[in-house]
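Engineer: Could you have a look at this structure, given as structure tokens, before my questions?
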Number of protein chains: 2
Amino acid sequence: MAKVAKFDREAVIDIATKLYWKKGFHATSMRNLQDAIDMRPGSIYAAFGSKEGLFTETLRNYTDMGIEQLKQCRRENSSPIEALKAFMKAQVIDTQNSAPNGVCMLAKTINELTNENQALIDITKAHLGEIATEFVKLIEEAQVLGEVDNTKSAQELATHIQIQLVGLRTYGKVNNDKAQLNNIIDNIFNHYPF
Amino acid sequence: MAKVAKFDREAVIDIATKLYWKKGFHATSMRNLQDAIDMRPGSIYAAFGSKEGLFTETLRNYTDMGIEQLKQCRRENSSPIEALKAFMKAQVIDTQNSAPNGVCMLAKTINELTNENQALIDITKAHLGEIATEFVKLIEEAQVLGEVDNTKSAQELATHIQIQLVGLRTYGKVNNDKAQLNNIIDNIFNHYPF
DNA sequence: ATTTTATTTGAGCGATCGTTCAAATAAAAT
DNA sequence: ATTTTATTTGAACGATCGCTCAAATAAAAT
């Protein structure tokens, strides 16, 4: 054996996630990343391969954080639907002021990239699918508990939630009104299709 | 007087709109624009001032096209709500295959830009507001005709529509299923809050 | 202590970025 | 025909882009 890597890979990916989430793939330069994570080009390329390679790891990190946050909401709520509602409020309202960006990093990436980065688009789509699957699990649980009509398709309801999340997080950036956003989310669960 | 500009300003803005809409502000280079509109840097800068200046004109053009499309839908439908539904289907479904980009250029811009381009963000927000105002007018018309419960806030319903549009256009890019998108839009108008 | 080797450094590569401007051009005015 | 002047051209500016790699470094193995 020989010299061992001294940088904290998780910490580096966390910082890179914040930067990419805030500025997007194209507007984040390797120089920006070098400064933020305090690594020189050679080390970054040795560890992550390329700008795309590092971005890929931040997409994974962002998605894992979201899924973990959803599970945390589930632990804190006896009702799966209340857990889902709490998650939506955290994602739509709380992120507007505290997170690197109020909008969903995955939606932002889908919006930003073109065929020129098809591999990144495919990964992003897959991650959105993973999150939708977590929604499905929660909704099916709610159906078992009788909180949601079990003749409805859990997959369709999950899609509905994801569409609301993406739409609301962008709207929240345009009109950051916590009370209004709160009402809108309450209404989503008080009416069709829930 | 002297030599007169020979380029077609509207045609140039149309082409620039398509490019910016497709690739976004940062990923569209002036070189890309020069090639697409067949003008040399000096002419572009004389006519539009800067990359931001030209982008601003394309935002205006994009918004005008959307509002015109909405009015066209109104002319083709005796019912204002049917007109709104037709508009949504055109924006969500038809654009996925024919337009430069399936997602809304204004939403894409809100998602992409940061404080570093606050002026462009402010313009984009204002344009989203203009479109919402057109939705309000249509909904108020529907309320007069008894198509929509007139105890509801037309402004809130318009916001609801805009959130659905943004969410659906991004979802359409992830899962381009015409039949499913069509059903989702039908459901929006068959249930709460309509 | 010396050797081995994974890691880190940072100068610098060629390409491209947004932009400028002096010179060339061409249509209107004389 | 000549002058005037708005427009167009395109070379080129300094800055920055993503990325490479030879040299320096430092921790583990001997």
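Residue by residue, here is whether (1) among the aliphatic types (A, V, I, L, M); (2) more than 14 Å from DNA strand D (Cβ to nearest atom); (3) away from chain B (no Cβ under 14 Å) holds:
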residue: A:3; (1), (2), (3): no, no, yes
residue: A:6; (1), (2), (3): no, no, yes
residue: A:16; (1), (2), (3): yes, no, yes
residue: A:20; (1), (2), (3): no, no, no
residue: A:37; (1), (2), (3): yes, no, yes
residue: A:42; (1), (2), (3): no, no, yes
residue: A:46; (1), (2), (3): yes, no, yes
residue: A:71; (1), (2), (3): no, yes, yes
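Engineer: Right, something else. If residue B:65 passes every condition in (1) on the phi < 0 side of the Ramachandran plot; (2) within 15 Å of DNA strand C (Cβ to nearest atom) but one, which one does it miss?
Structural biologist: The single condition residue B:65 does not satisfy is (2).
Engineer: Going through B:77, B:61, B:111, B:97 one at a time, which residue ends up being modelled with pLDDT under 95 and more than 16 Å from DNA strand D (Cβ to nearest atom)?
Structural biologist: Among B:77, B:61, B:111, B:97, only B:97 is modelled with pLDDT under 95 and more than 16 Å from DNA strand D (Cβ to nearest atom).
Engineer: Do the conditions hold for residue B:66, that is, is it within 14 Å of the chain's Cα centre (by Cα), within 16 Å of DNA strand D (Cβ to nearest atom) and either within 14 Å of chain A (Cβ to nearest Cβ) or closer than 18 Å to residue B:172 by Cβ (or both)?
Structural biologist: no
Engineer: Could you check segment A:67-96 and list, in sequence order, the residues that are buried (at least 21 other Cβ atoms within 10 Å of the Cβ) and under 30 Å from residue A:29 (Cβ atoms)?
Structural biologist: Correct list: A:91, A:92.
Engineer: Counting only residues that are closer than 19 Å to residue A:119 by Cβ and within 14 Å of chain B (Cβ to nearest Cβ), which one in segment A:26-35 is nearest to DNA strand C (Cβ to nearest atom)?
Structural biologist: Ranking the candidates gives A:26 first.
The values are calculated or read from the model by the stated rules, or taken from the named source; none is laboratory data. In this text, all values refer to a predicted model and were calculated from it rather than measured experimentally. Here Cβ is always computed from backbone atoms with ideal geometry, including for glycine, and neighbour counts include all displayed protein chains.
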